[in-house]
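A short write-up of the structure that comes next.
No value in this document is a laboratory result; all are computed from the given coordinates. None of the values given here were measured: they were computed from a predicted structure. With ideal geometry, Cβ positions are generated from the backbone for all residues, glycine too; neighbour counts draw on all protein chains shown.
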Amino acid sequence: MNTKVRVIIVEDDRDLRESIVEYLALAGHDASGVGSCLEFYRALAEASFSVAVVDVGLPDQCGYVLTEYIRKNTAMGVIILTARDAAEDRVRGYDCGADLYMVKPVNCRELAAAITNLSVRLGKRSPESVPSLAPEPWRLVRQQWHLVTPAGSAILLTAKEMQFMECLAESAGSPVRRETVLAVLGYRDDEYASRAMDSLVRRLRRKIEEEPCTPSPIKTVHGVGYCFAETLVIS
């Protein structure tokens, strides 16, 4: 069964990630790899994939959470690949939306076959046979204080929300440290100000997610701060 599948490997172990990508490429798949959830979100903003292979123990977000995001917001198939082999871990993986649950160490030949069969079962086609349209970017319109979704919906921002979004936009997709955001917002670097900032981010995410089929691209990078995980243009 010679089906070329566009697949992304989300694995923080660099040696393992690169060896899997290399094997899948030799097996005829269009494979790429990233080392964190943040890198996955960035890759997803720039390209489409048929299957994601996700490790559970990622450095910035749990792989189960990423699996649930993929299931709810994309048409991708998901294979969890982890060292966790307890029954409760498998059940949690399937509950989060995984199509397959595989345990390390993995046989790359078996993984390649699983990717092919999953793609066929989901009705995928070779990326070369399916035209892909570049996604519309998000836009931050300063004059109207609007955040405009790729679908064209305008979300009205408060002054603080606008400052926050400008801070993320100017970082070009890289994480912005919490203390930097606090300074931009004019907050002191203390517990009270930190809670105020977290409340602002929650409210802004809710505004975005009130739009149909619009998951929030504002991501928390644990231990660092925040980033906007899709293309954002300031106008």
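Dividing the summed helix terms, -39500 (n - 2.57) for each DSSP H run of n ≥ 4, by the number of residues in the chain produces a 222 nm estimate of -12500 deg cm²/dmol to the nearest 500.
Rank these for me by crowding, Cys96, Cys62, going from fewest to most other beta carbons within 10 Å. Can you show the working numbers first?
Details: Cys96 22, Cys62 16.
Least crowded to most crowded, the residues run Cys62, Cys96.
For the chain, the normalised intensity computed at q = 0.09 Å⁻¹ comes to -0.43 (log10 of I(q)/I(0), Debye sum over alpha carbons, equal scatterers, no solvent). Taking every C-alpha pair closer than 8 Å and separated by at least 6 residues, the mean separation divided by the residue count of the chain gives a relative contact order of 18 percent.
Would you be so kind as to identify all helices of the chain, as entire DSSP H runs, whose Cα atoms reach 20 Å or more along the helix's own axis and whose mean Kyte-Doolittle hydropathy is at least -1.0? Counting only whole DSSP H runs, the qualifying helices are 191-209.
A Cβ-based charge dipole, computed about the Cα centre of the stretch 6-129 with Lys and Arg at +1 and Asp and Glu at -1, lands at about 460 debye. With neighbour counts taken as other beta-carbon atoms within 10 Å, the residues Tyr187, Tyr69, Tyr192 rank, fewest first, as Tyr192, Tyr187, Tyr69.
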